[in-house]
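Worksheet: the structure to be examined is printed underneath.
The values are calculated or read from the model by the stated rules, or taken from the named source; none is laboratory data. Fair warning: this is a prediction, and the values are worked out from it, not measured in the lab. No Cβ is skipped: glycine too gets one built from the backbone with ideal geometry, and neighbour counts run over all protein chains shown.
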Amino acid sequence: MSDEIKQNPEGKSHKELRKEYTFNKLKGLGQEIIEEIEKQKVPSVKVPSRGTSNIVYDEAKRYYVLGDRYGRRSLGNVKQIRKLGQMVYVANFCKDLVQREKTATIREMYYVSEGWGISFKTQQESNIVGEDLEVTLGTTREDLGLMPEEDGASVYGDLTLKDGDVEINALKAGKSGYTISPTIDQVDFLDCNVDRVIAVETMGMFHRMVQEKAYDRFNTLIVGLKGQAARATRRFIKRVNEELHLPVYICNDGDPWGFHIAQVIISGSAKLAHVNHDLATPDAKFMGVTASDIINYDLPTDNLKDVDVMRLKELAKDPRYKSDFWQTEIKKMLKIGKKAEQQSFSKYGLEYVVDTYFPEKLEAME
């Protein structure tokens, strides 16, 4: 979608362009089916494959993308009739949402489908059809008006946004700052007076940084990821990196799961290969706890479990971790057999991570 959105001769807003693009895609899908019926052909829809064999790591883009394989969902195939019918119903439901500028949670859509006569057996089935639709149209679930259930991450720092008709400064929006909206692409950035973004895995570390005024000391936006970052959080990070030209640093726990959370922000995930162009921030840098930090700072640790060892070995083979930095740290963690959390720096006092660790890390990286 990004390239088509950039072509904007009429000077429309970002929100207007995305709405127009999505609406036309939905309308086009319906028209294609109608035209095939009028030509007395069996209607079918071309759906790109999301199977593992069609997910490719793009070295130039530095994130996973879908390959060129696809299948056809046809009304001429008895086994595909139900799934194609569900897809058309979901598309019509989304077309109405987009047209009326409304949203629905994916859970609400699941219940709404009870009245369609071709309802879903489970929430998972409904989610998969929604993903099939976004990959078929080349748009995102959020642009289709479908929202997740989870709360957004928090942002604290001197950034002023316009969310709907309301202007919000993330430095003055309470102790937890601004909560990232699922419709973050409809939010405008009005003013920004920071030099960087530091995203942290846990809300405990987020609040520690706010209390120690790290936003002021490092002139930074602080983003609390709440574990694995939601799609809206990843989109926000990408937007501030590209539109506001802010370098991004990700500070996570020193274990394979913290590494993975960071890498999903940096290089995207295989599962979302069809929308990684809107979510991945390839220039973001890992500033989290490493095996070297565990040794150099003599941190309290836990022993690696068998599942940790297995996961680290998987990461070592993943193309996203092929750099010397990642290979060195993964091998070193396997060698010492230890892992550590961000909060382990509290061994030296609650303020140590902001007073000492972050300054030393930033100096080394910048």
All conditions in (1) surrounded by 23 or more Cβ atoms within 10 Å (Cβ to Cβ); (2) in contact (Cβ under 8 Å) with a residue 60 or more places away in the chain are true of residue 202 except (1)
Long-range neighbours under 6 Å by Cβ, at least six apart or interchain, first residue of a type in the set (Asp, Glu) within the range 302-316, second surrounded by 12 or more Cβ atoms within 10 Å (Cβ to Cβ):
302/339; 308/256
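Okay, residues lined up against (1) at pLDDT 95 or above; (2) among the small types (Gly, Ala, Ser); (3) not assigned by TED's automatic domain parsing to the domain that holds residue 246:
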{"site": "165", "(1), (2), (3)": "no, no, no"}
{"site": "176", "(1), (2), (3)": "no, yes, no"}
{"site": "181", "(1), (2), (3)": "no, yes, no"}
{"site": "192", "(1), (2), (3)": "yes, no, no"}
{"site": "197", "(1), (2), (3)": "yes, no, no"}
{"site": "202", "(1), (2), (3)": "no, no, no"}
{"site": "221", "(1), (2), (3)": "yes, no, no"}
{"site": "224", "(1), (2), (3)": "yes, yes, no"}
{"site": "227", "(1), (2), (3)": "no, yes, no"}
Which one is farthest from residue 43 (Cα to Cα), of the residues in the range 69-84 that are touching a residue at least 12 places away in the same chain (Cβ under 8 Å) and either part of a loop (DSSP other than H, G, I, E, B) or charged (D, E, K, R) (or both)?
69
Going by what's in this entry, would residue 328 be described as under 17 Å from residue 259 (Cα atoms), loosely packed, with under 15 Cβ neighbours inside 10 Å, at pLDDT 95 or above and hydroxyl-bearing (Ser, Thr, Tyr)?
yes
All but one of (1) of a type in the set (D, E, K, R); (2) within 16 Å of residue 253 (Cβ to Cβ); (3) modelled with pLDDT of 95 or more hold for residue 208; state the number of the condition that does not hold.
(3)
Given the criterion touching a residue at least 24 places away in the same chain (Cβ under 8 Å), buried (at least 19 other Cβ atoms within 10 Å of the Cβ), over 23 Å from residue 67 (Cβ atoms) and small (Gly, Ala, Ser), identify the matching residue among 337, 268, 288.
288
Within the range 205-234, work out how many residues are under 30 Å from residue 144 (Cβ atoms) and either surrounded by fewer than 18 Cβ atoms within 10 Å (Cβ to Cβ) or in contact (Cβ under 8 Å) with a residue 60 or more places away in the chain (or both).
12
Name the residues in the range 85-113 that are in contact (Cβ under 8 Å) with a residue 40 or more places away in the chain and more than 23 Å from the chain's Cα centre (by Cα), would you?
86, 87, 88, 92, 95, 99
